[in-house]
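What follows is a single structure, written as structure tokens, with notes after it.
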Amino acid sequence: MCDNAMLMKTCQPIEPGTPPITGHELEHLISHTAGWEVEDGVLTKIFQFEDHYQTLAFVNAVAWVSHREDHHPEMLVGYNTCLVSYSTHTVGGLSENDFICAANVDHLVGD
């Protein structure tokens with residue numbers, strides 16, 4: 001399930017020196033991202049598909065979101081899975097941009 005409020009937002013440039021999201025704000029944001037997990041300052045989710053064609057179609061759709069938002073994930077692609085990982089290098093952890101993109105990616109697959 002994606003967070004509709006996050007779908008209404010777009011990624012914004014982040015000033016160097018901005019701290020990563022932590023504490024209550026992080027807990028609040030992760031509570032609205034079904035299936036996503038945070039570990040070591042990285043937001044991740046594994047997406048499953050029926051075959052390699054669907055997986056690659058998803059990867060291309062994520063690339064479109066990444067280009068539009070100018071915020072790019074790491075992706076590990078398998079035959080019928082794709083691990084998507086977001087973090088914001090500028091802050092050395094998570095920013096709101098990561099959660100905006102996670103919501104958009106979930107929206108691609110109807111989560």
query: Of the residues in the stretch 7-26, how many are aliphatic (A, V, I, L, M) and either open to solvent by 70 Å² or more (accessible area, probe 1.4 Å) or under 9 Å from SER95 (Cβ atoms) (or both)?
result: 3
query: If LEU29 passes every condition in (1) touching a Phe, Trp or Tyr at 6+ places or on another chain (Cβ under 6 Å); (2) open to solvent by 50 Å² or more (accessible area, probe 1.4 Å) but one, which one does it miss?
result: (2)
- prompt: How many residues does the stretch 32-75 contain that are open to solvent by 30 Å² or more (accessible area, probe 1.4 Å) and on the phi > 0 side of the Ramachandran plot?
  reply: 3
- prompt: When the stretch 78-111 is examined, which residues are found to be buried (at least 16 other Cβ atoms within 10 Å of the Cβ), of a type in the set (Val, Ile, Thr) and not in a helix (DSSP H, G or I)?
  reply: VAL84, THR88, VAL91
field: Counted residues, the stretch 30-56 - those being in a strand (DSSP E or B), within 16 Å of VAL109 (Cβ to Cβ) and of a type in the set (Asp, Glu)
entry: 0
- request: Evaluate the stretch 98-106: report whether one residue or more is under 16 Å from ILE46 (Cβ atoms) and over 13 Å from the mean Cα position of the chain (by Cα).
  value: no
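The values are calculated or read from the model by the stated rules, or taken from the named source; none is laboratory data. Note that the structure is predicted; figures quoted are calculated from it, not measured. Using ideal geometry, Cβ is built from the backbone for each residue, glycine included, and neighbour counts are taken over all protein chains shown. What goes into the accessible areas is simple: the full protein's heavy atoms, side chains included, and nothing from ligands, DNA or RNA. Shrake-Rupley method; radii C 1.70, N 1.55, O 1.52, S 1.80 Å.
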